[in-house]
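Report on the following structure.
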Amino acid sequence: MSLVSTNGETPTLERVNVMKPWLGEEEAQAIAEVVASGWVAQGPKTAAFEQAFAQHQQVEHAVATSSCTTALQLALLVAGVKPGDDVLVPSFSFIATANAPTYVGAHPIFVDVDEATGNVTAQTLDRGLTVATTAVIVVDQGGIPVDLAPIRQWCDLHGLKLIEDAACGAGSTYRGHPVGHGADVSAWSFHPRKLLTTGEGGMLTTNNQQWADRARTLREHAMGISAAERHSALVAPPESYAEIGYNFRMTDLQAAMGLVQLGKLDAMVARRRELVEIYRRAIDDIKGLELVADPDYGTSNFQSCWIKVLPEYGLDREELLEHLGHRGISARRGIMAAHLQPAYSGLKNIGLPVTESLTNNTLILPLFHQLGAAEQQRVIDALSNPGG
Ligand SMILES: *Cc1c(COP(=O)(O)O)cnc(C)c1O
């Protein structure tokens with residue numbers, strides 16, 4: 001157990017963080033090369049990152065963005081979602097999932113999730129369907145793949161566009177393929193809270209060439225000619241703007257880091273799955289705690305490693321959070337429920353019992369690439385001794 005003396009008298013436990021990105025010299029070197037090149041905005045590195053990401057995720061087109069949130073907004077726009085439309089979304093997700101339809105003037109309609117996966121199903125979506133619904137956003141929550149095939153069928157039956165918020169999903173698989181490739185369009189996050197990080201950043205992926213082209217244009221002010229094309233021409237051709245676009249660009253500094261991180265993704269996933277198995281062996285023996293697991297149709301990257309705290313445990317979720325805090329362990333409350341937030345308070349009185357139970361009774365355990373054996377053992381010891 002590592003001890004750090006803060007004032008020479010009272011040794012305090014070194015803090016165990018809930019997460020930490022896996023970064024090193026390679027990322028620093030890649031960024032330094034971009035700085036030396038003089039081209040730091042969106043350019044050749046971004047194009048290379050897009051190509052590498054598309055290949056890794058087995059999709060035809062990838063369009064880099066400033067974040068997953070902006071990728072989701074573009075996804076809704078290219079999918080043709082209009083002001084006044086209803087978009088079905090899980091409340092059990094980071095709030096950006098619900099905000100994206102709001103940005104394009106559509107209304108998020110919150111639906112419940114499956115108890116085991118924390119993800120929407122064709123059944124929970126069906127209960128939220130309205131006459132104004134034109135699209136759904138499904139999430140691979142915490143990296144757990146959503147069961148896409150039945151949802152795809154249900155969307156086709158009702159003529160709805162299927163958008164996947166795969167913010168947490170890079171490295172997760174669904175029926176043997178990377179998640180995200182079965183939706184009409186998917187959005188990814190490279191925030192440090194996810195596995196692969198570029199500091200901030202995101203990606204839109206799709207197999208639809210027209211949608212990819214439009215997303216590419218919209219992210220760059222809807223400029224008729226890209227900055228890269230403009231700069232490579234000695235005499236720049238005139239610009240034209242066919243519609244109102246956005247500045248949702250990624251920089252080459254970020255993309256250079258993303259390329260290095262993408263090369264490490266498989267190792268990140270393997271390491272996390274190994275650490276989760278160590279947690280699993282211990283937690284299987286603790287009465288009242290249940291650890292999230294792979295569904296039978298896919299594998300998780302375990303972006304979030306959450307446990308359910310049942311009444312038999314003795315402590316409730318808040319008490320367990322405090323108990324861990326006293327032992328220098330920084331856990332987190334489970335995934336939020338957007339419909340319970342003031343931002344969406346007008347929609348509060350809807351029954352989402354599974355969402356409310358999960359958001360109130362789950363806790364996210366420390367899990368990151370460089371989590372040490374002694375640190376993990378401290379977490380396990382604390383979980384095993386709720387009274388001590
Ligand atoms: C993190 C996250 C987002 C937001 O990603 P940013 O890149 O920070 O915009 C959106 N949806 C889900 C499900 C997330 O976990």
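The values are calculated or read from the model by the stated rules, or taken from the named source; none is laboratory data. These figures come from a predicted structure and were not determined experimentally. Glycine gets a Cβ as well: all are built from the backbone with ideal geometry, and neighbour counts include every protein chain shown. Surface accessibility is based on the protein's heavy atoms, side chains included, excluding ligands, DNA and RNA. Shrake-Rupley method; radii C 1.70, N 1.55, O 1.52, S 1.80 Å.
Taken across region 50-72, residues that are farther than 21 Å from GLN210 by Cα, of a type in the set (A, V, I, L, M, F, W, C) and open to solvent by less than 50 Å² (accessible area, probe 1.4 Å) do not occur at all. Looking across region 68-90, the residues that are within 15 Å of the ligand (Cβ to nearest atom) and either under 20 Å from PRO178 (Cβ atoms) or assigned to a helix (DSSP H, G or I) (or both) come down to CYS68, THR69, THR70, ALA71, LEU72, GLN73, LEU74, ALA75, LEU76. For the structure I just gave you, tell me whether LYS194 is modelled with pLDDT of 95 or more, within 15 Å of the ligand (Cβ to nearest atom) and of a type in the set (D, E, K, R). Yes, satisfied.
Quick one: would you say ARG333 is in contact (Cβ under 8 Å) with a residue 12 or more places away in the chain, assigned by TED's automatic domain parsing to the domain that holds LYS308 and within 20 Å of the chain's Cα centre (by Cα)? In short, yes.
Is it fair to say ASP165 is of a type outside the set (A, V, I, L, M, F, W, C) and either closer than 30 Å to PRO366 by Cα or modelled with pLDDT under 95 (or both)? Talk me through it step by step, then tell me what you get.
Values: of a type outside the set (A, V, I, L, M, F, W, C): yes; either closer than 30 Å to PRO366 by Cα or modelled with pLDDT under 95 (or both): yes.
So ASP165 fits the description; yes.
When GLN123 is tested against the conditions (1) over 13 Å from ALA71 (Cβ atoms); (2) away from the ligand (no atom under 12 Å from the Cβ); (3) outside any helix (DSSP H, G or I), the lone failure is (3).
Considering only region 311-356, how many residues are of a type in the set (A, V, I, L, M, F, W, C) and assigned to a strand (DSSP E or B)? Write out each step before concluding.
Taking region 311-356 as the starting set, the residues that turn out to be of a type in the set (A, V, I, L, M, F, W, C) are 315, 320-321, 324, 329, 331, 335-338, 340, 343, 347, 350, 352, 354.
Those still in the list that are assigned to a strand (DSSP E or B) too: 329, 337.
Counting residues in region 311-356 that are of a type in the set (A, V, I, L, M, F, W, C) and assigned to a strand (DSSP E or B) gives 2.
With respect to ALA227, determine if the residue is surrounded by 15 or more Cβ atoms within 10 Å (Cβ to Cβ), assigned by TED's automatic domain parsing to the domain that holds GLU50 and at pLDDT below 95.
Details: surrounded by 15 or more Cβ atoms within 10 Å (Cβ to Cβ): yes; assigned by TED's automatic domain parsing to the domain that holds GLU50: yes; at pLDDT below 95: yes.
Spelling it out, ALA227 is indeed surrounded by 15 or more Cβ atoms within 10 Å (Cβ to Cβ), assigned by TED's automatic domain parsing to the domain that holds GLU50 and at pLDDT below 95.
Can you confirm whether region 275-284 contains a residue that is in contact with a helix residue (DSSP H, G or I) (Cβ under 8 Å, 6 or more places away or on another chain) and small (Gly, Ala, Ser)? Yes, region 275-284 contains at least one residue that is in contact with a helix residue (DSSP H, G or I) (Cβ under 8 Å, 6 or more places away or on another chain) and small (Gly, Ala, Ser). Against the numbered list (1) surrounded by fewer than 24 Cβ atoms within 10 Å (Cβ to Cβ); (2) in a strand (DSSP E or B); (3) within 18 Å of the chain's Cα centre (by Cα), GLY182 comes up short only at (2).
Residues considered: VAL113, VAL131. Of these, the only one that is buried (at least 23 other Cβ atoms within 10 Å of the Cβ), part of a loop (DSSP other than H, G, I, E, B), away from the ligand (no atom under 11 Å from the Cβ) and β-branched (Val, Ile, Thr) is VAL113.
All conditions in (1) open to solvent by 20 Å² or more (accessible area, probe 1.4 Å); (2) not in a helix (DSSP H, G or I) hold for ASN301, with the sole exception of (1).
Determine which member of the set GLY169, GLY118, GLY142 is within 11 Å of the ligand (Cβ to nearest atom) and part of a helix (DSSP H, G or I). It would help to see each step written out before you state the result.
Details: GLY169 fails: part of a helix (DSSP H, G or I); GLY118 fails: part of a helix (DSSP H, G or I).
Just a single option satisfies the conditions, and that option is GLY142.
Take the residues in region 18-33 that are under 19 Å from the mean Cα position of the chain (by Cα) and not basic (Lys, Arg), then tell me which one is farthest from GLY325 (Cα to Cα). Please lay out each step first, then the result.
Of the residues in region 18-33, the ones under 19 Å from the mean Cα position of the chain (by Cα) are 18-23.
Restricting the remaining residues to those that are not basic (Lys, Arg) gives 18-19, 21-23.
Numbers: VAL18: 11, MET19: 15, PRO21: 21, TRP22: 24, LEU23: 26 Å.
Residue satisfying both the conditions and the ranking: LEU23.
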